[in-house]
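Structure, as structure tokens:
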Amino acid sequence: PVGVLTLYICVHYNRSSVIQLPHILIIGVRKGGTRALIEMLSLHSSVAAAQNEVHFFDWESHFQRGLPWYLSQMPYAFPDQLTVEKTPAYFTSSKVPKRIHQMNPDIKLLLILRDPTERVLSDYTQVFYNRLQKHKRYQPIESVLVKDGEINLGYKALNRSLYYVHMQNWLQYFPLESIHIVDGDELIRDPLPEMKKVERFLKLEPQINASNFYFNKTKGFYCLRDHGRERCLHDSKGRAHPHVAPAILQKLYQFFHEPNKKFFELVGRTFNWK
């Protein structure tokens with residue numbers, strides 16, 4: 001109930017700072033660039049970002065703790081700042097949209113997407129390195145992508161790239177106007193134009209500019225500059241994908257052709273995906 005929610009909306013820490021339930025959620029997608037997005041959004045002085053992925057709406061053990069616990073995971077912020085939290089798994093969890101809507105039907109949602117084939121390869125790469133670091137066995141990418149000569153529909157990473165399936169669920173609870181889709185491929189290539197669109201969507205005073213970004217030739221992607229302090233994303237970002245046989249890549253592109261078309265129709269927008 002709204003009356004109950006308002007009890008939790010602000011807890012005063014001192015006269016100048018508050019803890020607030022998020023005004024903005026970065027809801028996904030996994031390996032789409034959510035960390036880059038929240039770091040870039042944090043460049044704006046009117047944004048206070050939660051440091052960790054909270055997994056409140058998708059993990060039952062967290063959700064059962066209730067809104068007071070969720071609130072306790074938020075950063076201290078000035079009263080005129082917007083609080084943002086990011087958990088990429090929200091986008092693909094069927095129970096999450098309803099839960100977020102019950103908390104705040106007017107919340108602003110940011111969804112960052114990449115070419116679905118590239119996203120699958122990044123997904124595999126992350127799992128591959130995690131297993132490698134833990135000295136665990138891993139499956140070659142061909143064996144998870146293809147089964148009996150066809151695309152392996154049982155591979156979870158493929159399901160995460162069926163964007164239209166998940167988007168349909170979100171649009172049952174939120175109008176398209178409440179969801180801003182960030183082009184993750186463009187954010188990597190040229191971050192400023194994408195971040196200006198985010199500023200406009202959130203009705204933020206224009207503040208993020210070209211001086212906030214510089215291209216790091218060693219890493220091969222843009223890093224951030226904030227009040228003279230330079231920082232790059234973690235070394236786990238931007239890892240090279242494994243080599244995939246051209247024939248298998250072609251199967252992936254063909255597999256995603258129709259789902260991509262359905263997604264474009266759903267959101268009234270096209271993306272430069274293969």
Of the residues Leu233, Leu224, Leu158, only one is among the aliphatic types (A, V, I, L, M), surrounded by 13 or more Cβ atoms within 10 Å (Cβ to Cβ), touching a strand residue (DSSP E or B) at 6+ places or on another chain (Cβ under 8 Å) and assigned to a helix (DSSP H, G or I); which?
Leu158
Does segment 199-210 contain at least one residue that is surrounded by 14 or more Cβ atoms within 10 Å (Cβ to Cβ), of a type outside the set (D, E, K, R) and farther than 24 Å from Gln81 by Cβ?
no
I need the helices (runs of 4 or more DSSP H) fully contained in segment 30-90, keeping only those with at least 1 residues that are within 27 Å of Arg189 (Cα to Cα).
34-41
So Arg269 ticks every box in (1) in contact with an Asp or Glu (Cβ under 9 Å, 6 or more places away or on another chain); (2) in contact (Cβ under 8 Å) with a residue 24 or more places away in the chain but one. Which box is left unticked?
(1)
Which numbered condition Phe128 fails, given (1) within 28 Å of Val182 (Cβ to Cβ); (2) free of Cβ contacts under 8 Å to residues at least 40 places away in the same chain:
(2)
For Ile181, indicate whether it is under 18 Å from Gly28 (Cβ atoms) and surrounded by 15 or more Cβ atoms within 10 Å (Cβ to Cβ).
yes
With respect to Leu187, is the statement that it is modelled with pLDDT of 95 or more, of a type in the set (A, V, I, L, M, F, W, C) and not in a loop (DSSP other than H, G, I, E, B) true?
yes
Single condition Asn169 does not satisfy, out of (1) modelled with pLDDT of 95 or more; (2) among the polar types (S, T, N, Q); (3) over 17 Å from the mean Cα position of the chain (by Cα); (4) not in a loop (DSSP other than H, G, I, E, B)
(3)
Here is a list of conditions, (1) in contact with a Ser or Thr (Cβ under 7 Å, 6 or more places away or on another chain); (2) assigned to a helix (DSSP H, G or I), and Glu265 meets all of them except one; can you say which number that is?
(1)
Complete set of residues in segment 213-267 that are under 16 Å from Ser42 (Cβ atoms) and not charged (D, E, K, R):
Phe213, Tyr222, Cys223, Leu224, His227, Gly228, Cys232, Leu233, His234
For segment 75-106 the number of residues that are farther than 29 Å from Val165 by Cβ, buried (at least 21 other Cβ atoms within 10 Å of the Cβ) and of a type in the set (A, V, I, L, M, F, W, C) is 1
Which residues, counting only those in segment 99-140, are over 17 Å from the mean Cα position of the chain (by Cα), outside any loop (DSSP other than H, G, I, E, B) and charged (D, E, K, R)?
Arg99, Arg131
I need the full set of residues from segment 184-198 which are buried (at least 16 other Cβ atoms within 10 Å of the Cβ), out of contact with any strand residue (DSSP E or B) (no Cβ under 8 Å at 6 or more places or on another chain) and closer than 24 Å to Leu252 by Cβ, in order please.
Asp185, Glu186
Among the residues of segment 50-67, is there at least one that is over 30 Å from Phe128 (Cα atoms) and modelled with pLDDT under 95?
no
Determine the pairs where a residue that is more than 29 Å from Ser211 (Cβ to Cβ), located within segment 34-60, has a partner that is in a helix (DSSP H, G or I) and of a type in the set (A, V, I, L, M) with Cβ atoms under 6 Å apart, the partner being 6 or more residues away or on another chain.
Phe57/Val96; Phe57/Ile100; Asp58/Ala89; Asp58/Val96
Name, by its number, the condition in (1) surrounded by fewer than 18 Cβ atoms within 10 Å (Cβ to Cβ); (2) over 21 Å from Ile151 (Cβ atoms); (3) at pLDDT 95 or above; (4) not aliphatic (A, V, I, L, M) that does not hold for Gln254.
(2)
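For segment 91-125, give me the residue count where each residue is of a type outside the set (A, V, I, L, M, F, W, C), touching a helix residue (DSSP H, G or I) at 6+ places or on another chain (Cβ under 8 Å) and farther than 21 Å from Leu153 by Cα.
Qualifying residue count, segment 91-125: 5.
The values are calculated or read from the model by the stated rules, or taken from the named source; none is laboratory data. Since we're looking at a predicted model, the values are computed, not measured. As a convention, Cβ positions derive from the backbone with ideal geometry for all residues, glycine included, and neighbour counts pool all protein chains shown.
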